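Just so it is clear, none of the values below were taken in a lab; they were calculated from the coordinates. Remember, predicted model here, so these are calculated numbers, not experimental data. Quick reminder, even Gly has a Cβ in these numbers, built from the backbone with ideal geometry, and neighbours come from all protein chains shown.
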Amino acid sequence: MLLLFLWCAYTAPFLKPFDTQYLFSSFIYVTIYLCYYIKFRLRKDHKPLIILLILFGTWYVAQCIKVSSVTLIDFRLLYSIILCDISFYLYKGKEFFVYFEKVLFHLTLLSLVVWGLGVIIPEIMRSIFDVISVWSNGNTTYGNAIIVALGDQHSMGILRNIGFTWEAGRFSSFLVVGMFFSLLLHKMRTKGNYYFIVFLAGLISTVSTTGVVSCIGVFILYLMNKRFRLKIYIITILLFLILFLPYLWSMDFIGGKILENADVNQEIHNMSVSFENNRGSAITPQRITGLYLEFLNLMNDFWLGYNLNKNSYTVSLFGGEETWLSNGVILILSKYGILLGSVFYFLLFKSSKKLITDFGHKGSYLFALTFMLINVSYDFWSSGIFMHMVLYWLYCKYDTKLSVSNHNKYLLNNVLFKYLNNYSNLQFRKKYSHMP
């Protein structure tokens with residue numbers, strides 16, 4: 001699980017599997033994949049994986065026909081699917097979510113210590129990371145020590161906590177999902193739920209717009225599953241908006257950032273000027289502009305998608321200059337086309353409903369909402385951890401033992417069997433205690 005987190009964090013380049021520039025680390029990762037695959041998947045049913053590979057294969061053949069040659073693809077989504085194929089049989093039922101919570105909890109605790117010291121004694125912490133850091137992007141990350149990093153950005157004068165990732169917003173997305181499943185695992189308890197409290201503290205320390213907005217899904221989940229009448233929690237939401245929205249809007253990292261990103265035409269003009277002055281540079285536009293440009297990509301390659309970034313409409317719009325968009329809500333559709341992209345959205349909504357139902361709570365599509373909200377700023381479709389949640393319904397459909405609800409029944413039956421077995425042994429010993 002720790003490896004899954006590190007592979008999905010996209011921090012140091014050598015943590016990215018199948019990176020041709022880092023053959024040694026890639027060899028280690030492939031070896032780990034193979035060991036787990038042989039142990040957990042070699043003699044199991046492969047229907048879910050076969051279905052996904054057939055869909056991918058059909059799409060790839062269509063791409064080759066479209067460009068009239070054999071083409072490359074971005075392998076991240078594909079190897080995330082293969083990772084999930086292993087994880088569904090490595091973890092049974094809710095085990096995946098239990099270990100997800102535990103590992104994220106310890107990583108968040110560590111990040112809070114580093115962030116806290118970075119606020120109190122910034123120069124000393126920078127000196128320490130000068131020694132222990134294995135990578136820095138010179139922008140959002142001052143230094144990265146693989147399992148924890150020291151940020152290099154401030155908001156409202158506060159150092160932003162980037163956790164084990166390269167940017168505070170990405171770390172906040174993990175924490176929001178952690179809060180979501182912490183509520184599911186602990187029957188909506190927040191009092192005494194140390195996991196939820198630590199995740200919330202971590203989220204506050206990121207000072208992230210993405211994190212705050214994405215908490216809408218967590219907030220609604222909590223209210224829907226508390227024994228309030230409908231009118232009560234509607235009134236609660238309205239009061240919250242009336243009382244706190246002006247305050248939240250006044251914060252630079254929420255209201256100020258949204259207003260700054262809202263002028264799409266101005267940013268596109270600024271990007272054009274920047275490319276004219278700095279040929280060969282790469283630009284990632286702000287969220288709202290990225291959403292607009294990704295929509296243009298979708299309209300230009302509607303059925304099959306643009307596949308590789310260099311083929312996107314956005315890159316051609318700026319004369320072939322390198323432009324990277326980070327919006328995952330539309331990216332899955334624009335990159336892989338409406339046909340294949342819609343399949344993943346179908347799986348997301350089916351899995352969201354099954355997850356909430358299997359955990360025994362209300363709010364069938366709230367995980368889908370939360371996942372879409374964190375994808376406004378980042379692409380989490382190609383993340384193995386989140387892909388496990390997206391594919392949950394598909395794998396449970398072909399193997400009911402993988403379901404959280406059936407796992408609960410298994411645990412109950414197992415406990416009951418042990419109790420009855422111990423009870424029968426006790427009765428046997430009492431009945432024949434006189435015998436040698």
Of segment 158-191, those with amide N under 16 Å from the point 7 Å along the Cα→Cβ vector of Ile147 are 163-165
Stretched out fully, how many nm does the piece from Leu308 to Asn139 gain, at 0.36 nm a residue minus the Cα gap?
58.3 nm
Could you work out the helix-only [θ] at 222 nm for the chain, with each DSSP H run of four or more residues adding -39,500 (n - 2.57) and the total divided by the number of residues, to the nearest 500 deg cm²/dmol?
-21500 deg cm²/dmol
Just report the Cα centroid separation between segment 204-220 and segment 329-404, whole Å.
19 Å
For the chain, with +1 on Lys and Arg beta carbons and -1 on Asp and Glu, the positive-most of Leu221, Thr206, Leu83 along the dipole:
Leu221
Measuring from its Cα centre, segment 1-138 shows a charge dipole (+1 at each Lys and Arg Cβ, -1 at each Asp and Glu Cβ) which, in debye to the nearest 20, is 560 debye
Could you order peptides 15-22, 64-71 by the average number of other Cβ atoms within 10 Å of their residues, highest first?
15-22, 64-71
Want the number for Leu109 to Val61: 0.36 nm per residue separation, take away the alpha-carbon distance, what's left?
12.6 nm
Placing each pseudo-label 7 Å from Cα in the direction of the beta carbon, His269 and Glu123 end up separated by a distance in nanometres of 4.4 nm
Distance cut-off 31 Å, percentage of C-alpha pairs in the chain lying past it:
47 percent
For the chain, take the longest principal axis of its alpha carbons; what is the angle in degrees between that and the long axis of helix 287-300, to the nearest 10 within 0 to 90?
90 degrees
Taking the 0 to 90 degree range and rounding to the nearest ten, how far is the long axis of helix 95-120 tilted relative to the main principal axis of the chain, both from C-alpha atoms?
50 degrees
Is there a quick way to get the dipole size of the chain? I mean about its Cα centre, with the Cβ of Lys and Arg at +1 and of Asp and Glu at -1; what is the value in debye to the nearest 20?
2880 debye
Under the 7 Å Cα-to-Cβ spin-label approximation, Asn277 and Phe40 lie apart by a distance in nanometres of 5.0 nm
Do any of Lys310/Lys354; Lys16/Lys94; Lys66/Lys92; Lys102/Lys397; Lys39/Lys335 go past 30 Å between their Cα atoms, and which?
Lys310/Lys354; Lys66/Lys92; Lys39/Lys335
How far is helix 264-277 tilted off the main Cα axis of the chain, in degrees rounded to 10, range 0 to 90?
60 degrees
If you add up the charges near Cys396, with Lys and Arg at +1 and Asp and Glu at -1, over every other residue whose beta carbon is less than 10 angstrom from its beta carbon, what do you get?
+2
Under a Cβ-only charge scheme (Lys and Arg +1, Asp and Glu -1), can you give me the dipole magnitude of segment 284-400 about the Cα centre, in debye to the nearest 20?
420 debye
How much length, in nm to one decimal, is gained on full extension between Lys226 and Asn406, taken as 0.36 nm per residue of separation minus their Cα-Cα distance?
62.4 nm
Paramagnetic reach from Leu3 in segment 81-105 [backbone N under 20 Å; point 7 Å along Cα→Cβ]
81-93, 95-105
